[in-house]
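Inspection log for the structure reproduced underneath, given as structure tokens.
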Amino acid sequence: MPSQPARHWPRTVGYFATFVAVGLETASLGPTLSGLAANTNTELDAISFLFTAHALGYMIGSFFGGRLYDRMPSHPLMVGMLGLMAAMLALIPLVPTLWMLTVAWLLLGIGGGALDVGGNTLLVWVHGRKVGPFMNALHFFFGIGSFLAPVVVAVSLTLSGNVTAAFWFLAVLVLPFALWLIRLPSPSPPDHTPGLSQGNISSAERAQPEAGCGKTVLLIALLLLFYVGAEAAFAGWISTYAVALDLGGATTAAYLASAFWGALTFGRLVSIPIAARFRPRWMLLADLLGCLASVGVILTWPSSAVAVWLGALGLGLSMASFFPTTISLAERRIRITGQVTGWFLVAGSVGAMAIPWLIGQLFDAIGPPVTMIVILLDLVATLAVFGVLLKAGMAPTASQGEDGVRAR
């Protein structure tokens with residue numbers, strides 16, 4: 001990554017650590033779904049509502065968190081959300097009823113959403129137009145947490161036969177991240193529009209990038225809605241899908257989810273230098289084509305364990321850089337504030353709430369293959385929105401170069 005002043009690194013490391021925590025809580029639901037259903041004597045179609053509750057909480061945390069980051073010191077807010085996350089992770093395996101479990105996952109989602117919008121926004125504030133590689137690194141650490149969570153669950157199932165120890169370990173793991181952030185000063189929001197030199201340009205020129213801001217925000221939000229829906233659906237249902245088709249037991253299925261997150265994490269590591277060399281639009285196109293090919297492999301050979309593993313690995317690699325690259329693309333065209341980032345994450349939360357829930361309603365009625373069919377259709381919609389975004393939302397003005405960057 002490009003060199004930055006030494007004063008930026010402690011905060012950057014803090015945001016990276018925070019995203020490990022977000023990854024841990026996000027990836028913990030899918031592999032523990034059956035265990036939580038057993039704890040509450042609930043059927044799969046009912047327990048799948050936890051995806052909706054978590055995504056709704058994520059949406060609430062993103063919406064209000066985005067506004068709070070623009071109005072108050074950011075690090076105390078992030079520390080509070082990490083504390084909320086640790087408390088909910090510790091309580092979840094002890095909850096005996098579905099409604100109480102729903103409330104716990106809602107609160108966990110609020111904490112995760114507020115931390116997500118904070119990490120994405122503050123990293124842009126700290127690194128500005130050089131944020132691309134750092135943004136991919138930030139989401140690489142989300143992948144680290146997402147990879148570790150299913151492994152912790154699998155080990156817990158092997159050693160104790162239940163998921164209680166896994167949740168308690170995850171709760172303890174979150175706390176040091178809060179201790180790191182509490183000692184660091186909060187960054188201030190930038191007071192300029194990315195991509196523009198504020199000297200020697202007219203007010204009309206300065207306003208040009210804002211002309212299509214609303215449309216750009218809407219299109220990027222819609223793009224993230226479909227993409228996050230596909231990611232959440234695959235991560236949340238792949239373990240249950242594998243068990244239902246007799247492609248492995250509960251422990252093997254947990255490792256399958258971990259393989260998906262592991263591939264996503266590795267892909268984000270690889271994408272750090274790639275983001276410094278290639279334009280965001282080409283990275284996003286390659287990501288989408290890889291996603292479609294990976295789901296196609298699983299649909300072509302649905303009863304093959306090898307195909308499912310290859311598809312999971314391919315999908316993880318293909319999805320790796322999509323979200324951070326989308327944020328980097330947005331930073332080239334519009335001013336990134338907590339509120340704007342919040343809207344992006346609200347849209348993502350809608351996708352994460354709707355697509356896994358839809359699969360849950362169809363899983364028993366139609367059968368496990370509906371999982372991949374819904375994900376494929378969702379990815380096709382993502383590709384369509386991306387095409388509209390390139391044609392309309394990201395078209396550079398006459399005084400701008402590629403990707404909305406002012407020509408030099």
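Inspection of the stretch 159-168 identifies no residue that is within 23 Å of residue 369 (Cβ to Cβ) and at pLDDT 80 or above. If only residues of the stretch 38-50 that are open to solvent by less than 20 Å² (accessible area, probe 1.4 Å) and part of a helix (DSSP H, G or I) are counted, the one that is nearest to residue 86 (Cα to Cα) is 50.
Per-residue answers, yes or no, for (1) in contact with a Leu (Cβ under 7 Å, 6 or more places away or on another chain); (2) modelled with pLDDT under 95; (3) within 26 Å of residue 263 (Cβ to Cβ):
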residue: 97; (1), (2), (3): no, yes, no
residue: 102; (1), (2), (3): yes, yes, no
residue: 117; (1), (2), (3): yes, yes, yes
residue: 135; (1), (2), (3): yes, yes, yes
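On inspection, residue 365 qualifies as more than 20 Å from residue 125 (Cα to Cα), open to solvent by 50 Å² or more (accessible area, probe 1.4 Å), in a helix (DSSP H, G or I) and modelled with pLDDT under 90. Taken over the stretch 339-351, residues that are closer than 17 Å to residue 235 by Cβ and open to solvent by less than 20 Å² (accessible area, probe 1.4 Å) amount to 4. For the stretch 316-344, how many residues meet the condition of being closer than 14 Å to residue 389 by Cα and small (Gly, Ala, Ser)? Residues meeting the conditions: 1. Criterion applied to 35, 118, 111 was being part of a helix (DSSP H, G or I), in contact with a Ser or Thr (Cβ under 9 Å, 6 or more places away or on another chain), within 22 Å of residue 344 (Cα to Cα) and not hydrophobic (A, V, I, L, M, F, W, C), and the one residue passing it is 118.
Taken as a whole, the structure leaves residue 226 outside the set of residues that are of a type in the set (A, V, I, L, M, F, W, C), open to solvent by 20 Å² or more (accessible area, probe 1.4 Å), over 20 Å from the mean Cα position of the chain (by Cα) and within 27 Å of residue 342 (Cα to Cα). Answer yes or no as to whether residue 85 is under 18 Å from residue 173 (Cβ atoms), open to solvent by 10 Å² or more (accessible area, probe 1.4 Å) and at pLDDT 90 or above. Taking the combined requirement at face value, the residue does not satisfy it.
Residues are listed down the side, and each one gets a yes or a no for (1) touching a residue at least 24 places away in the same chain (Cβ under 8 Å); (2) within 23 Å of residue 267 (Cβ to Cβ); (3) among the aliphatic types (A, V, I, L, M):
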site	(1), (2), (3)
306	no, yes, yes
325	yes, yes, no
328	yes, yes, no
356	yes, yes, no
368	yes, no, no
371	yes, yes, no
375	yes, yes, yes
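Looking across the stretch 1-23, the residues that are at pLDDT 80 or above and either assigned to a loop (DSSP other than H, G, I, E, B) or within 16 Å of residue 352 (Cα to Cα) (or both) come down to 22, 23.
Listed conditions (1) within 24 Å of residue 143 (Cα to Cα); (2) surrounded by fewer than 21 Cβ atoms within 10 Å (Cβ to Cβ); (3) in contact (Cβ under 8 Å) with a residue 40 or more places away in the chain are all met by residue 80, apart from (3).
Within the set 64, 19, the sole residue that is open to solvent by 10 Å² or more (accessible area, probe 1.4 Å) and more than 30 Å from residue 367 (Cβ to Cβ) turns out to be 64. When the residues of the stretch 113-166 are filtered to those that are crowded, with 24+ Cβ neighbours inside 10 Å and polar (S, T, N, Q), the one that is farthest from residue 277 (Cα to Cα) is 156. For the stretch 224-282, give me each residue that is of a type in the set (Ser, Thr, Tyr) and free of Cβ contacts under 8 Å to residues at least 60 places away in the same chain. Within the stretch 224-282, just 252 meets the criteria. Considering the stretch 27-36, and only residues there that are open to solvent by 10 Å² or more (accessible area, probe 1.4 Å) and small (Gly, Ala, Ser), the residue that is nearest to residue 166 (Cα to Cα) turns out to be 35.
The values are calculated or read from the model by the stated rules, or taken from the named source; none is laboratory data. Quantities reported herein were computed from a predicted structural model and do not represent experimental measurements. As a convention, Cβ positions derive from the backbone with ideal geometry for all residues, glycine included, and neighbour counts pool all protein chains shown. We work out accessible area using only protein heavy atoms, side chains counted, and drop any ligands, DNA or RNA first. Shrake-Rupley method; radii C 1.70, N 1.55, O 1.52, S 1.80 Å.
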